[in-house]
Structures are given as C-alpha cells and as structure tokens.
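What follows is a short report on a single structure.
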Amino acid sequence: MTIRISHSHAASRCASHAAGLLLISGLVACGGGTVNHEPMEGPLSIVAAVGNYSTGCVMRAGAGSEYKVVSGTFTDAGAGVGQAVVHYKTYGTDAACNPGSLRFDVSATLDVRPTQETKAFKGATVEHPYVGTADVVQATLRGLTLSKGSFSGSLPTFGASSKVGYVREKSDLRFVAGSRQADGLGEHISNVVLKKIS
C-alpha cells in the first residue's frame, strides 16, 4: 500500500500515531493552562462510551504548530469490544479550521478492548497540568483512509495493537500523549479534550 502526497513531517507523525491509537493519542497536547487539574473518574464502559466526539478546532503546540480537528464515533461491536472511527484533519495556520484550508485528512477504524491496567500521572507542570490515574484500552487498527496529504516513513500495520491510556471527565475524554515509555504508554495526559457531542 503506497500513498504519496506531500505534507509536513509534524502532521504526518501525529496522524500516524493517531491511526495506531484510539481517539487517540493523536490528541497531542496543546500548551497552556494552570497546574493540578485532576480529571479522574474511573474507567468508561463500552456501552457508556457509545457516541460522537470532537475536539473542535484546536492548535497543536510545539514546532510546526497548526490547527486541527479530531473527531470520533464510538460504537458497541459486542462481546466486550468497541469500535472507534477516528477522523484527524489539519488546517495549517487557519484558526477557524475552514474547509478551504484543509491540508491533511485521515481516518482510522480501530477495535477497542478495555483492560485492567492503569497508569498514575503525578507532578503537574504548566505545560502538562493534568494529573490522575489513566485507564488503559487495547486498540487494534482495522482500517485507514487517507483523503489528503501523505504519511512520512512506514504506514501503521493493519491488525497491530497499541495501548491507549485515557482519563474521563464526565462524558468527555483526555488521552495519554507524548513519547511512548517502556510500559507502552505516553508520558503525560493531553491538555486536549475530546468532548462528547451526542
């Protein structure tokens, strides 16, 4: 499978990561905020998670900053498995994320299976203010559609599974992001919130 269209390395890395994860760690952190936010309310059941989610138009922090929208639909596939369809779009410097500014557009389909694993995050900073205990799911990539842009390097492997950590704030979700550690999870809780919209 070969997909070749020019796009920035930063967005390609984010999208590739998002494709391998649930709703993903593609929700890489935005900067700002105050310290010691604690969004921990325990695990979310598959039935309770069913619905539609979106970040709205938010800015990705760091080198090559750009505006993006991450949205997702979660359904109950039965037998203790959920299915997530994640849509990741970037809009360059357009703070309104207007359709005409679309630079990168990828969607991924993943099977999601809850686990008993958790990971505690402590020591809030201004850059990464959220602390608490993240719950963990196993996400398996089943499909990937690139509508605009390109991946740099190798594509995610279909059928491959990744750990995804998340914390719950009522019906909204934050995900574990940043460099992957020895436990297979990221290093901080993302500042970006995926809001349940229906």
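Remarks
- Segment 162-198 and segment 91-107 have Cα centres spaced 23 Å apart.
- Near-label residues of segment 169-189 by backbone N, under 20 Å of a point 7 Å along Cα→Cβ of LYS122: 176-177, 181-189
- Extended-chain gain in nm, criterion 0.36 nm per residue less alpha-carbon gap, SER45 and SER152: 35.0 nm
- Listed peptides 126-135, 91-100, 66-75 appear in the order 66-75, 126-135, 91-100 once ranked by packing, highest mean of other Cβ atoms within 10 Å at the front.
- Simple label model, 7 Å out from Cα along Cβ direction - ARG142 to ALA77, nm: 0.3 nm
Any read-out appearing in this document is the output of simple, stated calculations on the displayed coordinates, not a laboratory observation. As the structure is a prediction and not an experimental result, all values here were calculated from the model. In this analysis, Cβ positions are derived from the backbone assuming ideal geometry, glycine residues included, and neighbour counts consider all displayed protein chains.
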